[in-house]
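Notes for the one structure printed next.
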Amino acid sequence: MTKAYQERTMLPLWVRHYEKLVGRENLLVLDHGSSPAISIGGVRTERLPRGQVDEYDYIEILSVWQRKLLSEYDWVITTDTDEFIVPNPQLFSSLTAMLRDTPSGTRRCVGCEVIDPGNPTQPLDWSLPILRQRPLGVLSKWSSKPAVSSVPTDWMPGLHTAHTPSIFDHALWLFHLKYADEQYLMERLALTRALDWSARSVAEGLGGSHRVPDIAMRRAMEHYRSTIAPGTLDDVLSKQSDPDTLTSPMMAIPDVFLDCL
């Protein structure tokens, strides 16, 4: 399940990725008022009315739909359109195989921000495998989301964490592609910054990363690139067990994942 608005780049990639994991007939896209309306052959789409962007409303909408889906399915995956979950292929032949033997509850993923290295001679081709083109990333507490669950999840704003107890699963990685291509990043930022955000979201700083000035985002990208270090992200992960403090320099994504996305 995902919620989308005017998403022409990531949504096709999201469908392509998750249909390999669970089958196209088991995908749900909540269309938050896109124009034209989202229509993808074989994918269930539900139209939501377009209003102010409010992070609390977002949680309520997703919670309602998650509960509906849990009446039909054993497990529900809930992500943004730029988030791609991959079970470690060295440990599991498929997501189904992994979840079949996973105790009921909520699994929290290992969050990895995939980073554009800033080389203008190597633009990202979205039609080709992404991680082979962008093999560097940083571990992030913000993307270590409780995104896979067999029980109703009481998310906090942004879906980064939840009141519902969860297990931090080192075998379940979430690759966040927001920062994988700087041109896409800046174009999307211009769109989200111009949206009609609710007063309470602005007052509480919710969704703030979608409203920052271009210069702030470019500085954030420069900071990521300045931290580049040898080694792989799983080296760091083996020493960090708390998803709420998970962090790393910009390092190599483990080879085992490079052909998964």
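Every number in this text was worked out from the coordinates using simple rules, so none of it is lab data. Everything quoted here is computed from the prediction, not taken from an experiment. Counting neighbours? That spans all protein chains shown, and the Cβs are built from the backbone with ideal geometry, glycine included.
What the table shows:
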item: Dipole moment magnitude, nearest 20 debye, the chain about Cα centre, only Lys, Arg, Asp, Glu C-beta charged; result: 180 debye
item: Relative contact order of the chain, pairs being alpha-carbon contacts under 8 Å that are 6 or more residues apart, as %; result: 22 percent
item: Ranked by how many other beta carbons lie within 10 Å on average, peptides 60-68, 1-9, 78-86 from highest; result: 78-86, 1-9, 60-68
item: Cα-projected label distance for VAL151 with ASP255, points at 7 Å along beta-carbon direction, nm; result: 4.0 nm
item: Shape category assigned to the range 1-137 from the gyration tensor of Cα positions, a/c cut at 1.5; result: oblate
item: Helix-only CD estimate at 222 nm, as mean residue ellipticity for the chain, using -39500 (n - 2.57) per DSSP H run (n ≥ 4); result: -8000 deg cm²/dmol
item: Equivalent ellipsoid semi-axes - Cα gyration tensor, the chain, angstrom; result: 25, 24, 19
item: Simple label model, 7 Å out from Cα along Cβ direction - GLU19 to HIS170, nm; result: 3.5 nm
item: Cα gyration tensor, the range 25-84 - rounded (a/c under 1.5), prolate or oblate; result: oblate
item: Mean Cβ neighbour count within 10 Å, used as a protection proxy, ranking 124-137, 43-56 highest first; result: 124-137, 43-56
